[in-house]
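Below: one structure, written as structure tokens.
The values are calculated or read from the model by the stated rules, or taken from the named source; none is laboratory data. Computed from a predicted model, the values in this text were never measured in an experiment. All Cβ positions, glycine included, derive from the backbone under ideal geometry; neighbour counts span all protein chains shown.
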């Protein structure tokens, strides 16, 4: 809980610790499909959206590899409506056949709109299975293929629900203009009687250490060649996670970053370039992606990126440059906590990682990283034989 | 003790909360620039918006307004593009250019503790930008590349074509970008536009988040010194939009999995007494997740991931638009359903229960729009451009809450006529005529 007396609103965030990594390899896309079904009515309330709108509320949700997050804001006087709605769908869903049929169609359209009907839309559908051979991060939250969604049955849905949608697998956070004396009894009233589910044993297949570089070349009807490079990186709870995040910022956070300045502005090897991390709980990916200048071939483009990586593994970064990316991280944390909803989401996320209060130590963890750590971590990340490269070629005369 | 609450009934709703928004205070810098204040001192972040009458409706060549806006920070008399971006990045700040049909400008987000370090830089960007030849060329090249990618998306094609369809060809609002527009862009064009429109008599500032008297002084010592050219810009009278005869436009994209639909018309000015009715009708039709279009096209039929209708406000004309991307196979069925939903509004009174839901939803939405220092700033920018005060929203919400089903039926018959709406389809068009 977090209080803010300056707002007329309240925000509620519920995080369920279930994501795409918990899916059966033959039934992928399920966690995300489920997010849609959570709006199809619960055991005592036929419509989720209507009563929320009656209460002046607005809501949404998202699913990623590790968790599913539901959030809403509403005028503070109507906060109890949120508890009524959220507790009922935590207790049990209506499991309507129509809702399942329609949401399967909606998700199929989402698949087409964002992944197939879109230039470069299928990049992650290709890159992730290239980088992961065992761990469930090999598929995307939307699923491996549309057929997995189409085949989902009511039994699958019920099984998934009873396994993951339980109080012992959820985190509730309330922020805004609220009073704990009033809110705590309300939460106990609505959520207290919901039975816990079975304790979850999570054993995700570990990804064996990569020994050799992997490549994949595809040809698509797109205007420009694009290059995607991915390396495995430390998990969210490792100290080196922070170092790796800073490395991605040195390379590409802001227009003064290395890759943008050297490869887009000075030399124009690329028209666009980015380095980023997936930010997953288990070992995630460090990705560099770029769109090639039409006069440049893949070989030279990749070589230029490698050159920039070598600078990181051979030389120490200047103090000032390191301070720059640390300052940016600090500012971003401040910006993300401005709205009551942003606070509710962040607090839930840190509670999932360890405990909500840890959000206050986040800046320090980044500040503690030294220049030597950056070089050391860059050597580990970009070591020989650890690269996954996708060459995404533009069809000629298309 | 475990309690078992009554889950079959919704908890009683609380009292409706009053929308109580303070009009911002303001002061004037030495050079005459008005500064509006939306302080929120519980935050560590500060935001400064600098807004000029320099949107695309002022340009004599396509891309001129947006290119000037984007390239402001790519070089000044004394600083290179790299030095500027390095300073911004070092202090963790974001400088976001924005340009629309009427206004253009920049928003600076940063930590309060570093804000004084950034103001001298902003002074240079606003008053001493030089638009280096090389930066202009690079910009045009990159934008052209991005354009060719965007151009393949039915969504982008639809929005572009629809803009011309609804505002009319050769009008200030109906300009349509083409690939060769990028080749014409040059430094002289940008310098002309910059010198004419980025002037102190042509701007206002908005300062929000954490502020202090010291910051006001620092603002005056830097941006209060921006020199003007002393020649107020007088805009030639121009045609912002026309009513062309063309009503349907179909753009074919082979093998498209989805079709993008845009349907709408020029609609009421914000100051029109019936505007609140139109606003509420739009919300019912497609302005929120529980809307009729969303319930029917997404939740009932599964044709689409999303469908919305919205009213866009510009200084010289508003548009009402229904927008969606649908499964290509259902292009025709979706159009028929949209027509049906629009016509229903003029055929039957809105059920009381639905009207109550939407009114309550809007009550909450208005509170949300004005919640938090940065949302408040966003609302201020929108309304100030249209010449509206915050009290306008309070009054409009009160009017919305009093509307009756009879009044709405009359308004729908006047302003929601599908037969007068323009229709744009990009994607699968072979079954259309």
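General observations
- Listed by position, the helices (runs of 4 or more DSSP H) inside region A:326-382 whose residues that are under 18 Å from the mean Cα position of the chain (by Cα) and either closer than 26 Å to residue B:109 by Cα or away from every other protein chain (no Cβ under 14 Å) (or both) number at least 2 are A:340-353.
- Against the criterion of being in contact with a helix residue (DSSP H, G or I) (Cβ under 9 Å, 6 or more places away or on another chain), assigned by TED's automatic domain parsing to the domain that holds residue B:208 and more than 15 Å from residue B:202 (Cα to Cα), residue B:29 does not qualify.
- From the options A:316, A:309, residue that is in contact with a helix residue (DSSP H, G or I) (Cβ under 9 Å, 6 or more places away or on another chain), part of a loop (DSSP other than H, G, I, E, B), away from chain B (no Cβ under 14 Å) and modelled with pLDDT of 95 or more: A:316
- Restricting attention to region B:325-347, the residues that are more than 14 Å from every other protein chain (Cβ to nearest Cβ) and modelled with pLDDT under 95 total 0.
- The single condition among (1) surrounded by 18 or more Cβ atoms within 10 Å (Cβ to Cβ); (2) at pLDDT 95 or above; (3) within 22 Å of the chain's Cα centre (by Cα) that residue A:240 does not meet is (1).
- Screening region A:143-239 for strands (runs of 3 or more DSSP E) wholly inside it with 1 or more residues that are closer than 30 Å to residue A:294 by Cβ and either within 14 Å of chain B (Cβ to nearest Cβ) or out of contact with any strand residue (DSSP E or B) (no Cβ under 9 Å at 6 or more places or on another chain) (or both) returns the ranges A:214-220, A:226-232.
- Positions within region B:22-40 being at pLDDT below 90 and facing another protein chain (nearest Cβ under 10 Å), in sequence order: none
- Filter result for residue A:264 (in a loop (DSSP other than H, G, I, E, B) and within 14 Å of another protein chain (Cβ to nearest Cβ)): no
- Qualifying residue in region B:144-154 (condition: more than 14 Å from chain A (Cβ to nearest Cβ) and not in a helix (DSSP H, G or I)): no
- Some residue of region A:97-107 being more than 30 Å from residue B:365 (Cα to Cα), more than 8 Å from chain B (Cβ to nearest Cβ) and touching a helix residue (DSSP H, G or I) at 6+ places or on another chain (Cβ under 8 Å): yes
- Applying a threshold of 8 Å to beta carbon distances and a minimum spacing of six or more residues, or different chains, the list of pairs starting in region B:380-398 at a residue that is within 22 Å of residue B:358 (Cβ to Cβ) and ending at one that is at pLDDT below 90 and outside any helix (DSSP H, G or I) reads B:393/B:19; B:393/B:21; B:394/B:19; B:394/B:20; B:394/B:21; B:397/B:19.
- Scanning region B:271-316 for residues that are in contact (Cβ under 8 Å) with a residue 60 or more places away in the chain and within 14 Å of chain A (Cβ to nearest Cβ) yields B:280, B:283, B:284, B:288, B:290.
- The set of residues in region A:273-295 being surrounded by 19 or more Cβ atoms within 10 Å (Cβ to Cβ) and within 14 Å of another protein chain (Cβ to nearest Cβ) consists of A:273, A:289, A:290, A:291, A:292, A:293.
- With respect to the conditions (1) over 21 Å from residue B:383 (Cβ atoms); (2) within 14 Å of chain A (Cβ to nearest Cβ); (3) under 25 Å from the mean Cα position of the chain (by Cα), residue B:236 lacks only one, and its number is (2).
- Hey, residue A:112 over 30 Å from residue A:286 (Cβ atoms), within 14 Å of chain B (Cβ to nearest Cβ) and in contact with a strand residue (DSSP E or B) (Cβ under 8 Å, 6 or more places away or on another chain) or not: no
- Taken over region B:65-95, the criterion of being away from chain A (no Cβ under 12 Å) and touching a strand residue (DSSP E or B) at 6+ places or on another chain (Cβ under 6 Å) is satisfied by B:65, B:66, B:69, B:72, B:76.
- Going through (1) more than 10 Å from chain A (Cβ to nearest Cβ); (2) buried (at least 18 other Cβ atoms within 10 Å of the Cβ) one by one, residue B:363 falls short only on (1).
- Taking region B:195-278 and the strands (runs of 3 or more DSSP E) fully enclosed by it, the elements with 3 or more residues that are in the same structural domain as residue B:32 (by TED's automatic domain parsing) and in contact with a helix residue (DSSP H, G or I) (Cβ under 7 Å, 6 or more places away or on another chain) are at B:203-209.
- Selected residue [crowded, with 22+ Cβ neighbours inside 10 Å, at pLDDT 95 or above and within 12 Å of chain B (Cβ to nearest Cβ)] from A:127, A:85: A:85
- Residues that are at positive phi and surrounded by 22 or more Cβ atoms within 10 Å (Cβ to Cβ) within region A:1-51 comprise just one, A:29.
- Set side by side, the residues B:215, B:138 differ, and just one is modelled with pLDDT under 95 and either surrounded by fewer than 19 Cβ atoms within 10 Å (Cβ to Cβ) or within 11 Å of chain A (Cβ to nearest Cβ) (or both), which is B:138.
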